[in-house]
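Only one structure is covered here, and it is reproduced in the block below.
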Amino acid sequence: MSMADLQWWPTNVQVTVLQSRGLRIKGKNGTNDAYAIMQVGKEKFQTSVVEKSVAPVWKEEAAFDLPPPGREGPERGTLHVHVLHRALVGPDKLLGQAVINLLELSEDKTRSKTE
């Protein structure tokens, strides 16, 4: 195998949850007690709860390992972000969500690898 046959492949990703906006309001007094859950594959990270906010700011980081090529499933390079309202009684309520294809981002030559 020559060096030309080798292809660079990301092995991990570091994600920063900055903030959320445009969320549904599920809490009392027109605010939310919001937290985010990020997931890549089977790995999950949960932020702290920002209380009484309509546009929570977290600025929290998480690192996720990516499986090597050949072991990728349909979710290999997909980041799922769910923002929920912490309910004091009953299940927490979904406020918003996003799905980001990390492999497409890594191949995007117009973006810096740190964006």
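Residues whose amide H lies under 5 Å from that of Trp9, counting only those 5 or more places away or on a different chain, are absent; hydrogens are built 1.01 Å from N in the peptide plane. Once the 1.4 Å probe is applied to the protein heavy atoms, the stretch 8-68 comes out at 65 Å² accessible per residue. Against the criterion of solvent-accessible heavy-atom surface with a 1.4 angstrom probe, Thr47, Thr11, Thr16 sort, most first, into Thr11, Thr16, Thr47. Residue separation of Thr110 and Leu94 scaled by 0.36 nm, minus their Cα-Cα distance, works out to 2.5 nm of gained length.
Order these peptides, 78-88, 19-29, by their mean beta-carbon neighbour count within 10 angstrom, highest first.
Numbers: 78-88: 16.6, 19-29: 13.2.
Highest mean packing first, the order is 78-88, 19-29.
The values are calculated or read from the model by the stated rules, or taken from the named source; none is laboratory data. What you see is a predicted model; the values in this text were computed from it and never measured. Here the Cβ is made from the backbone with ideal geometry for all residues, glycine too, and neighbour counts use every protein chain on show. For the accessible areas, the whole protein counts, side chains as well, though only heavy atoms, and no ligand, DNA or RNA atoms are used. Shrake-Rupley method; radii C 1.70, N 1.55, O 1.52, S 1.80 Å.
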